[in-house]
Amino acid sequence: MYKRILLKISGEALAAGRGFGIDAIFVTRVASEIVELARGGCQVGIVVGGGNFFRGVAEQAVHMDRVAADHMGMLSTVINGIALQDAIEKLGVPCRVMSAIEMHEVAEPYIRRRAIRHLEKGRVVVFGAGTGNPYFSTDTAAALRAMEIRADVLLKATSVDGIYTADPKKDANATMFASITYMDIIQKNLRVMDTSAVSLCNDNRMPMIIFSMREQGNIVRVVQGEKLGTLVVSQIEG
């Protein structure tokens, strides 16, 4: 079992197929798995996206200034973070939302040492507002926070089982990789996450597991060491 993890959840996942907003039943389901991990001794950090409300690179933002659009996207991640915090604390585990953009009334400012201290005290920490900078996705924020808190692994929960040779929804012959290197992801142009996030993980030898969160219990299974999804390692480790 991993001792400290960084879990990346997309904003779209929290909408549970509805496309917009938050599905309270699904959020509670995810929170119950996170609570199970925390009570089992795993230190859990979370980066959540904001695509269920607004994405800076979405079609709805095509005529907007990119910086303004990205700031709107960052604020969306804080909304999702507060929803997760509420669901987790209702299940009896303390949770803190830390924002890269200061908003003291609703979230703590992100301070690395304080975040690590929260984790050591058994509190779940949700990192909101991405990196706090435009032009960077929440994938990059997840990679960065995983490095900063010295996580054992970066877990990316998605709607697919892992990394495939092609889009399994479009190609019936697509096969899933059990493991792959970050350099292979770049060379094969597999669009599993931003190139900047892939490079950051590769350079710092941060292992990542990409798996499906559609089946209840998968988050706990992955943390406990069950072979699910695709393991991604650095070229040096490979």
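Bear in mind that the values in this text are calculations on the coordinates, not laboratory data. Just so it is clear, the structure is predicted and the values come from calculations on it, not from any experiment. Note that we place each Cβ from the backbone using ideal geometry, even for glycine, and neighbour counts take in every protein chain shown.
Taking the fewest neighbouring Cβ atoms within 10 Å as the starting point, the ordered list for THR131, THR195 is THR195, THR131. Using the Cβ of ILE101 as centre and a radius below 15 Å, the other residues enclosed give a net charge of -3, where K and R count +1 and D and E count -1.
Based on DSSP H runs of at least 4 residues, each adding -39500 (n - 2.57), what is the mean residue ellipticity at 222 nm of the chain after dividing by all its residues, to the nearest 500 deg cm²/dmol?
Estimated from H runs of four or more residues: -11000 deg cm²/dmol.
Centre-to-centre separation between the Cα atoms of the range 79-106 and those of the range 148-210: 28 Å.
Indicate the gyration tensor shape class of the range 82-198 (rounded, prolate or oblate), computed on the Cα atoms with a ≥ b ≥ c the square roots of the eigenvalues: a/c under 1.5 is rounded; otherwise a/b larger than b/c is prolate and the rest oblate. Prolate, since a/c reaches 1.5 and a/b exceeds b/c.
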